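Chemist: Have a look at the structure that comes next, please.
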């Protein structure tokens with residue numbers, strides 16, 4: 001690989017009990033990530049200690065490290081105890097991991113789910129996407145989230161009513177703008193943007209911005225709104 005796909009600089013932690021897999025991930029990311037320092041952990045206590053010491057930009061970890069919490073969502077909560085925004089990618093075995101486990105991770109805002117058998121290109125795409133956008137899901141994970149959303153919203157009215165300002169916020173969320181950028185574009189406060197986002201999550205029964213955007217796409221809200229994102233309230 002001849003060029004870096006990641007912006008410099010920071011620390012990436014890679015944690016897995018299997019040395020061959022752990023070293024392989026470190027090698028791939030070292031070659032592709034100029035400016036990032038790669039550190040390894042083989043156990044849960046090691047990972048926690050390094051997370052506290054190094055304040056990483058990203059953690060890529062197996063959920064079944066020796067000593068790790070039994071519940072996968074507890075792994076995310078503990079790692080993010082000092083930094084709630086810490087991006088965490090969890091390594092999975094798609095054929096062996098129960099769908100219920102994946103859904104719990106999605107509900108708790110896992111930043112990405114990476115198959116242990118992923119190719120070099122898939123690893124690079126996942127990590128680059130997470131570092132740039134905060135979250136990145138493969139097509140299979142998006143399909144899983146879509147199925148969950150369909151079950152949750154089955155029987156609800158397809159005509160969810162959003163205000164013009166809510167739709168403007170939603171369109172900008174879909175375009176990957178953060179709250180501060182949305183507030184600036186719409187000439188409003190960050191608190192107001194956060195309120196609109198929270199209100200739409202409540203209205204749709206979704207828990208994450210990704211699920212909210214999928215809900216809107218499925219209901220055709222973007223296509224039917226006829227709204228310019230900069231239209232005044």
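Since every read-out is calculated from the coordinates, none of them should be taken as a lab result. All figures in this text were calculated on a predicted structure; none of them were measured in a lab. Cβ: placed from backbone, ideal geometry, glycine included. Neighbour counts: every protein chain shown.
Chemist: For the range 64-108, list residues with backbone N below 12 Å from a point placed 7 Å from the Cα of residue 17 toward its Cβ?
Modeler: Residues 64-70 fall inside that zone.
Chemist: Another question, if that's okay. Is the shape of the range 10-145 rounded, prolate or oblate, going by the alpha carbon gyration tensor and its root eigenvalues a ≥ b ≥ c, with a/c under 1.5 for rounded and a/b larger than b/c for prolate? It would help to have the intermediate numbers written out before the result.
Modeler: Values: a/c = 1.31, a/b = 1.11, b/c = 1.18.
Verdict is rounded for the range 10-145.
Chemist: Also, I was wondering about something else. Tell me the label-point distance for the pair residue 194, residue 81, using the 7 Å Cα-to-Cβ offset, in nm and rounded to one decimal.
Modeler: 2.4 nm
Chemist: Order these peptides, 42-51, 55-64, by their mean beta-carbon neighbour count within 10 angstrom, highest first. Display every interim value, and only then the final one.
Modeler: Details: 42-51: 18.1, 55-64: 21.3.
With the highest mean Cβ count within 10 Å placed first, the list reads 55-64, 42-51.
Chemist: Here's a follow-up. Rounded to the nearest 5, what is the percent of antiparallel bridges among the DSSP beta bridges in the range 10-145?
Modeler: Taking every DSSP beta bridge within the range 10-145, about 0 percent pair in antiparallel fashion.
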